[in-house]
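To keep things clear, I will list the structure first and then write my remarks on it.
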Amino acid sequence: MNQVQEYVENIDEKWQDSYQRLAKVIAENIPEGFVLRMQYGMPTYVVPLSVFADGYLGRKDEPLPFISLAAQKKHLSLYHMGIMGNKELLTWFQEEYQKAVPTKLNMGKSCIRFSNPKNIPYELIGELVGKISMEEWVDSYTHFEEKNKK
């Protein structure tokens, strides 16, 4: 059994169905090229090192993360790294979320938290996942890294 399967099988019963449904939506909408693996203790779609050899934060052995999905004790966490430095995408998501979900958006820099399985906008998440290609994500990340070096 691989690490991702093991992780999913050990998710609390309360989150099992919504986690698996969300994972399926992500898998069906993730742009071509990203690879699913365990990173930082959770299933993560990454840019393979064969595509981006510089690695995450200059670590040559660590692929660049894009989207992670974790089951916490009190919520599901969707980490979308591409939303962090992309104001246009963030604004779009926030506006669409308000239209789709009756509760307030619970979000950090790249982390979207779902504390009620009934209020997960699966269709919207699918749309969000597909909005940035792997090439666009690498370009955006590279631009961000270069900007931070100055």
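Coordinate-derived values only; no laboratory data. Computed from a prediction, not measured in an experiment: that's the story for all the values here. Here Cβ is always computed from backbone atoms with ideal geometry, including for glycine, and neighbour counts include all displayed protein chains.
Based on the Cα coordinates of region 15-128, what is the per residue volume of their convex hull in Å³?
105 Å³
In region 3-149, how many lysine pairs have Cα atoms under 15 Å apart, counting only pairs 8 or more places apart or on different chains?
7
In percent, how large is the relative contact order of the chain, given Cα pairs closer than 8 Å and 6 or more residues apart?
23 percent
With label points built 7 Å along Cα→Cβ from the Cα atoms of Val51 and Lys104, find their separation and express it in nm.
Once both label points are built, they end up 3.7 nm from each other.
Which residue fluctuates most in the GNM of the chain (Cα springs below 10 Å): Gln16, Gln98, Gln72?
Gln98
Counting only other residues whose beta carbon sits under 13 Å from that of Ala100, what net charge do I get with K and R as +1, D and E as -1?
That sum, taken over residues with Cβ under 13 Å, equals -1.
If you add up the charges near Lys118, with Lys and Arg at +1 and Asp and Glu at -1, over every other residue whose beta carbon is less than 14 angstrom from its beta carbon, what do you get?
Every neighbour counted, the sum reads +1.
Separation of region 43-82 and region 85-109 by C-alpha centroid, Å?
Taking the Cα centre of region 85-109 as reference, the centre of region 43-82 is 21 Å away.
Which whole-number percentage describes the relative contact order of region 57-117, with Cα contacts under 8 Å and a sequence gap of 6 or more?
Contact order relative to length: 33 percent.
What net charge is computed for the residues neighbouring Gln72, neighbours being all others with C-beta under 13 Å from the C-beta of Gln72, Lys and Arg scored +1, Asp and Glu -1?
Net local charge, Gln72 excluded: +3.
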